[in-house]
1. Out of 223, 179, report the one residue that is surrounded by fewer than 14 Cβ atoms within 10 Å (Cβ to Cβ), out of contact with any Gly (no Cβ under 8 Å at 6 or more places or on another chain) and of a type in the set (Asp, Glu).
2. Take the residues in segment 119-146 that are farther than 19 Å from residue 86 by Cα, part of a loop (DSSP other than H, G, I, E, B) and not charged (D, E, K, R), then tell me which one is farthest from the chain's Cα centre (by Cα).
3. Which ones in segment 137-182 are touching a Leu at 6+ places or on another chain (Cβ under 7 Å) and more than 17 Å from residue 18 (Cβ to Cβ)?
4. What is the residue count in segment 175-184 for residues that are part of a helix (DSSP H, G or I) and modelled with pLDDT of 95 or more?
5. Only residues that are small (Gly, Ala, Ser) and under 14 Å from residue 103 (Cβ atoms): list them for segment 202-238, please.
6. Of the residues that sit in segment 99-118 and are in a helix (DSSP H, G or I) and within 17 Å of the chain's Cα centre (by Cα), which one is nearest to residue 174 (Cα to Cα)?
7. Condition first: surrounded by 19 or more Cβ atoms within 10 Å (Cβ to Cβ) and within 25 Å of residue 249 (Cα to Cα). Now tell me which residues in segment 24-74 satisfy that.
8. Considering (1) out of contact with any helix residue (DSSP H, G or I) (no Cβ under 6 Å at 6 or more places or on another chain); (2) surrounded by 20 or more Cβ atoms within 10 Å (Cβ to Cβ); (3) small (Gly, Ala, Ser), say which one residue 193 fails and leave the rest.
Amino acid sequence: MRQLLMIHGIGCDGSAWGTMRPLFEAAGWTCHAPTLFPDQRLPENPPSSLSDLGLQDYIAAMQTEVQRIARETGAKPAVIGHSMGGLIAQALAESGDVARAVFLTPAQTKDCAVIGPSVAWTFFNVIVSQDRKKAHKVWKTGFRYGVLNCVPKGRHEEIYAGALYDSGKVYGDISDGIEIDAAKITVPTLTIAATKDRATLAKAVRKVAAKYAASPVPGDFLEYKQHAHWIIDEPGTDKVVADISAWLEKAGT
């Protein structure tokens with residue numbers, strides 16, 4: 001069976017892949033959807049130790065996971081990362097730990113970052129705090145506005161109920177941006193933007209795609225005009241999965 005590591009975004013856990021995962025499994029993938037630091041990233045009252053974690057800790061945890069999968073199966077997995085997970089996936093592609101990589105409405109590297117009013121409003125409570133030594137959870141108003149704007153409103157409460165705290169240091173690391181050397185990416189990559197995305201602007205994601213189009217293995221790009229940031233579970237997500245599955249198949253040959 002082909003192996004696919006699925007890396008969730010900030011404030012989420014592995015269950016965020018609940019709609020996409022069975023569709024990928026039906027297409028013949030064995031899916032791994034771990035939750036980053038589940039003992040510390042909680043929906044309420046996270047431990048003080050959470051604030052010690054930075055983005056590099058998250059990246060290292062996923063490097064350990066891909067190495068485990070490769071060791072147990074004899075082959076490097078493919079990876080798909082959403083939002084923050086898309087930035088982690090970029091780091092895994094740079095390090096050569098994965099066979100193929102999909103960056104789904106990803107957070108951007110330092111050289112591709114674009115911040116607009118909608119991004120600021122989505123993460124307003126985190127930005128106002130300016131405290132990297134605390135844990136933060138995106139406020140409900142921002143989450144509904146910037147993440148769930150293409151999800152039926154009747155589902156907003158259910159989805160937000162699963163939102164988790166993340167380290168202020170991680171939020172700061174993403175805001176500062178990390179550097180990824182496109183010249184080191186020698187595996188097929190697919191970058192996906194959503195035109196209605198208010199949290200990771202399509203304009204920024206297009207810059208990510210242009211960056212990896214210049215890699216030794218030129219990256220591919222798709223943009224979905226009727227989707228937003230929660231493209232992982234919106235009306236029409238099944239078509240997105242079908243397109244990604246087709247790309248993974250083609251990239252594997």
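The values are calculated or read from the model by the stated rules, or taken from the named source; none is laboratory data. All values reported here derive from a predicted model rather than from experimental measurement. Quick reminder, even Gly has a Cβ in these numbers, built from the backbone with ideal geometry, and neighbours come from all protein chains shown.
1. On the way: 223 fails: surrounded by fewer than 14 Cβ atoms within 10 Å (Cβ to Cβ).
Sole residue among the options that is surrounded by fewer than 14 Cβ atoms within 10 Å (Cβ to Cβ), out of contact with any Gly (no Cβ under 8 Å at 6 or more places or on another chain) and of a type in the set (Asp, Glu): 179.
2. Ranking the candidates gives 130 first.
3. Our first condition is that a residue be touching a Leu at 6+ places or on another chain (Cβ under 7 Å); within segment 137-182, this holds for 137, 156, 159, 164-165, 167, 169-170, 173-174, 178.
Correct list: 137, 165, 167, 169, 170, 173, 174, 178.
4. Filtering segment 175-184 for residues part of a helix (DSSP H, G or I) gives 175-176, 182-184.
Filter once more, keeping what is modelled with pLDDT of 95 or more: 182-184.
Number satisfying all stated conditions: 3.
5. The first filter runs over segment 202-238 and keeps only residues small (Gly, Ala, Ser), leaving 202, 204, 209-210, 213-215, 219, 228, 236.
Hits for segment 202-238 are 202, 204, 209, 210, 213, 215, 219.
6. We begin by selecting, within segment 99-118, every residue in a helix (DSSP H, G or I); these are 110-112, 117-118.
Right, trim to within 17 Å of the chain's Cα centre (by Cα) and you get 110, 112.
Numbers: 110: 8, 112: 12 Å.
Residue satisfying both the conditions and the ranking: 110.
7. 24, 29, 31, 32, 33, 62, 65, 66, 69 - these are the residues of segment 24-74 that are surrounded by 19 or more Cβ atoms within 10 Å (Cβ to Cβ) and within 25 Å of residue 249 (Cα to Cα).
8. (1)
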